[in-house]
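Participant: Pasting in a structure now, in structure tokens, and then I'll have a few things to ask.
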Amino acid sequence: MQIARILFVGLTAASLGGCGASLPKLTTGSLFGTKAEAPPIDRNNDPATRTMDVAATSARAIKCGYNFDPAKLKSNFLSTQSAGNPADLPKLTQIYDASFNTVSKALVEKPDYCTAEKTAKIKLALNRHLAGDYTPSPPEPAEDDSLFGDWSKGSSPEGHGANMQQVFQ
């Protein structure tokens, strides 16, 4: 009985030993021939998302008075994006034009759109795009409407709640 226990513990340790090894390509899955899964597609950096982001940034920059050539930005962007797959050019051109026009029309109704914070974000994104980096801008953080979400911002508009900045000073 003692030998069976030792043999069982030895076999268990040997079979589980491969799971924790730090060998780069050797795993228990590779020993049995399982196929590796393809990396997930980044939905925030696909051609359509990049196109909408560059078009919207261009429209916002025009609204805020930045001096650049929007036609040159559009042509550079579309030529870069269609280099890998020329069949996508008509679709990307349509997405670019629709996004640019939609954002431009929406900004006409906002005379006080160009705040210091927004112009700084637009300048950063526009400079990236003019330099040839067409990755989409990171999404803006969502407002926290939870019970404790407003505590770090100060007191609530009604004057209730804790102003955490004053509490810790």
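The values are calculated or read from the model by the stated rules, or taken from the named source; none is laboratory data. Here the structure is a predicted model, which means the values were calculated and not measured. Heads up, the Cβs are rebuilt from the backbone with ideal geometry, glycines too, and the neighbour counts pull from every protein chain shown.
Participant: Go through (1) surrounded by 15 or more Cβ atoms within 10 Å (Cβ to Cβ); (2) of a type in the set (Gly, Ala, Ser); (3) free of Cβ contacts under 8 Å to residues at least 24 places away in the same chain and name the single condition Ser104 misses.
Facilitator: Looking at each condition in turn, Ser104 falls short on (3).
Participant: Scan region 137-145 and give yes if some residue there is surrounded by 10 or more Cβ atoms within 10 Å (Cβ to Cβ), at pLDDT 75 or above and not hydrophobic (A, V, I, L, M, F, W, C), otherwise no.
Facilitator: Applying the first criterion (surrounded by 10 or more Cβ atoms within 10 Å (Cβ to Cβ)) to region 137-145 yields 137, 144.
If we keep only those that are at pLDDT 75 or above as well, we get 137.
Filter once more, so that each one left must be not hydrophobic (A, V, I, L, M, F, W, C): 137.
Yes: region 137-145 contains one or more residues that are surrounded by 10 or more Cβ atoms within 10 Å (Cβ to Cβ), at pLDDT 75 or above and not hydrophobic (A, V, I, L, M, F, W, C).
Participant: Moving on. Considering only region 45-62, I want to know if a residue exists there that is over 24 Å from the mean Cα position of the chain (by Cα) and either surrounded by fewer than 16 Cβ atoms within 10 Å (Cβ to Cβ) or modelled with pLDDT of 90 or more (or both).
Facilitator: Initially, region 45-62 is screened for residues over 24 Å from the mean Cα position of the chain (by Cα), giving none.
Scanning region 45-62 turns up no residue that is over 24 Å from the mean Cα position of the chain (by Cα) and either surrounded by fewer than 16 Cβ atoms within 10 Å (Cβ to Cβ) or modelled with pLDDT of 90 or more (or both).
Participant: Do any residues in region 127-151 that are over 20 Å from Ala48 (Cβ atoms) have Cβ atoms under 8 Å from those of residues that are exposed (fewer than 10 other Cβ atoms within 10 Å of the Cβ) and at pLDDT below 65, where the two are at least six apart or on different chains, and which pairs are they?
Facilitator: Every condition considered, the pairs that remain are Gly149/Glu143.
A quick yes/no check of all residues on (1) in contact with a strand residue (DSSP E or B) (Cβ under 9 Å, 6 or more places away or on another chain); (2) closer than 17 Å to Pro70 by Cα; (3) at pLDDT 60 or above:
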site	(1), (2), (3)
Val103	no, yes, yes
Ala116	no, no, yes
Asp150	no, no, no
Gly161	no, no, no
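Participant: Kindly provide the set of residues from region 82-101 that are at pLDDT 90 or above and among the polar types (S, T, N, Q), ordered by number.
Facilitator: Passing the criteria: Thr93, Gln94, Ser99, Asn101.
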